[in-house]
Amino acid sequence: MPKRTKILKKSSKVRLSSNPKMAKLTLGKEAYDFPIVVGTEMEKAIDISSLRLKTGYTTLDNGYANTGSCKSAITFIDGEKGVLRYRGIPVGQLAENSTFVETAYLLIYGKLPKKHQFEEFSKKFTIHAMIHEDMKNFFNGYPAWGHPMGILSAMVCSLSAYYPELEASEPKQREMGTIAVELISKVRTIAAFSYKKKIGEPFIYPRADLKFIPNFLNMMFSSSNTEYVIEDDVVEALQTLFILHADHEQNCGTSTVRMVGSSMANLFASVSAGICALWGPLHGGANQKVTEMLEKIHRSGGDVKKFIKKVKDRDSNTRLMGFGHRVYKNYDPRARIIKKRVDVLLKRLGIHDPLLEIAIKLEEAALKDDFFVSRKLYPNVDFYSGIIYNAIGIPVDMAPVMFAMARMPGWIAQWMEMRNSEVLRINRPRQVYIGEIKRDYVPMGKRK
Ligand code: ACO
């Protein structure tokens, strides 16, 4: 079992007041009591861990729509009110005032850094930006058309082979902050290298004189004979996007990281699995699908009404990508901030993007339409983010990679919290079996 780290101990300080009331479940003539757990934001849950033991029943909750998988002190969401906070701080305040590196510190250590702590933390991003030179050979094995999320996931898992000392299957207090930085920093390098490989240009190495986001932009867009001019507006826009994507409690990707990590798999393997989960079009892969959807509408004449009609036709199997959310039943607070950022960035860069016009028209049409209103479908984080990536010149299939890079601090903080939790158990849901009941094997010649 892992030793508890200082960092983890801190992040797991959840002050949960045990409500004296118990929830009563009646099954036939028997009544059973289950404790009610109340979180710091007064969220109530019924602790059914002993349900099977007491009653022989299990719970069934398709898609885990109403299952709390853990207690966590990292991120708070109130989906009805459109609230999102990291370690108690509203995400809007962070997007306005913080940087991605500072927000990463906040998520990982549970508090905002003092000046010297921030400087020390930032310095580590530069020290650990390189990947092992041999890992470059992997890139040569991928075809130019390979999706960069597949490459990212494989490369992150491969880090465990190159840096076994950082494997962190036994997190130690001394190392965890450094391991977090190493992983975040190396993922940035891998992401940029995968783009260079795709466009057939030589890799541009990370530079010690550049901060986190400018360093990434330089690795992406500079070449051996031209230096990319890093514009403040572009850095600011990415800074906002990265902060807004940094964590989002127990979604599909993060639950995957925790699920894999609960078997005591190392951090790299766990995060690699999270990247694969995030890739799906219903999750972080939606940012790519939104741009593809907008491009398709644009190519076919820009008829928004026609597209909305198609979405409403249940037989068409078409979704309005970038709309809807499991938790937000209100406007996703991240989408609101991103929409503003899009306006500012495009104006400052003097870009007119017809896809933005289509997106705005789609949003207006959907928010007036009972189909979307009655289902509480609003724009989510992925609806406008692709337009920022387009403006910067980041190709559409790199959009989920940008998301994964930004999600890294959250995944690491969640993994650490899980591994240091008081109740570390392997994650293992149950099922309700609906297959054949017992039957005997029939030899091939006698089968009907
Ligand atoms: N377009 C059209 N209809 C939708 C959409 C959509 N984008 N989202 C949900 N619906 C409809 C469903 O068809 C369903 O209708 P019904 O009750 O008539 O069957 C109802 O709304 C509820 O939808 P569910 O799929 O049950 O909602 P769930 O919580 O399971 O899914 C999800 C949430 C996956 C985000 C969904 O809204 C979706 O597919 N959105 C589009 C993809 C997307 O943008 N994903 C990114 C989410 S943000 C993130 O993960 C980073």
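The values are calculated or read from the model by the stated rules, or taken from the named source; none is laboratory data. Predicted model, so just to flag it, every value in this text is computed and none were measured. No Cβ is skipped: glycine too gets one built from the backbone with ideal geometry, and neighbour counts run over all protein chains shown. Each accessible area value is taken on the protein alone, full model and side chains, heavy atoms only, with ligands, DNA and RNA left out. Shrake-Rupley method; radii C 1.70, N 1.55, O 1.52, S 1.80 Å.
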Which of the residues spanning region 320-329 are surrounded by fewer than 17 Cβ atoms within 10 Å (Cβ to Cβ) and more than 6 Å from the ligand (Cβ to nearest atom)? LYS329
Flag if SER194 is under 28 Å from TYR328 (Cβ atoms), assigned to a helix (DSSP H, G or I) and in contact (Cβ under 8 Å) with a residue 24 or more places away in the chain: no
Could you please let me know if LEU94 is touching a Pro at 6+ places or on another chain (Cβ under 6 Å) and of a type outside the set (Ser, Thr, Tyr)? no
Can you tell which of LYS81, LYS115 is open to solvent by 80 Å² or more (accessible area, probe 1.4 Å) and either β-branched (Val, Ile, Thr) or within 28 Å of ALA65 (Cα to Cα) (or both)? LYS81
For GLU182, which of the numbered conditions (1) under 25 Å from SER385 (Cα atoms); (2) open to solvent by 10 Å² or more (accessible area, probe 1.4 Å); (3) in a helix (DSSP H, G or I) fails to hold? (1)
Would you say LEU356 is touching a Phe, Trp or Tyr at 6+ places or on another chain (Cβ under 9 Å), part of a helix (DSSP H, G or I) and either outside the structural domain of ASP247 (by TED's automatic domain parsing) or away from the ligand (no atom under 13 Å from the Cβ) (or both)? yes
Name the pairs whose Cβ atoms lie under 8 Å apart, with the first residue in region 311-323 and basic (Lys, Arg), the second open to solvent by less than 30 Å² (accessible area, probe 1.4 Å) and near the ligand (Cβ under 7 Å from one of its atoms), and 6 or more positions between them or separate chains? ARG319/VAL311
Given LYS347, LYS340, LYS289, which one is in a helix (DSSP H, G or I), farther than 25 Å from VAL235 by Cβ, basic (Lys, Arg) and open to solvent by 60 Å² or more (accessible area, probe 1.4 Å)? LYS289
Of all residues in region 301-319 being under 15 Å from GLU357 (Cβ atoms) and either open to solvent by 70 Å² or more (accessible area, probe 1.4 Å) or not in a helix (DSSP H, G or I) (or both), the one that is farthest from the ligand (Cβ to nearest atom): GLY301
Could you list, in sequence order, all residues of region 382-430 that are part of a loop (DSSP other than H, G, I, E, B), open to solvent by less than 10 Å² (accessible area, probe 1.4 Å) and out of contact with any Lys or Arg (no Cβ under 6 Å at 6 or more places or on another chain)? ILE394
Restricting the search to region 350-360, which residues are open to solvent by 60 Å² or more (accessible area, probe 1.4 Å) and among the β-branched types (Val, Ile, Thr)? ILE351
When region 243-291 is examined, which residues are found to be among the hydroxyl-bearing types (Ser, Thr, Tyr) and within 9 Å of the chain's Cα centre (by Cα)? THR254
Give region 223-260 a look and list any residue that's acidic (Asp, Glu), more than 16 Å from the ligand (Cβ to nearest atom) and open to solvent by 40 Å² or more (accessible area, probe 1.4 Å), or say none. GLU227, GLU231, ASP232, GLU236
Select from region 277-286 the residues that are open to solvent by less than 70 Å² (accessible area, probe 1.4 Å) and assigned to a helix (DSSP H, G or I) and write down the one among them that is farthest from the ligand (Cβ to nearest atom). ALA277
Would region 367-380 turn up any residue that is away from the ligand (no atom under 13 Å from the Cβ) and open to solvent by less than 50 Å² (accessible area, probe 1.4 Å)? no
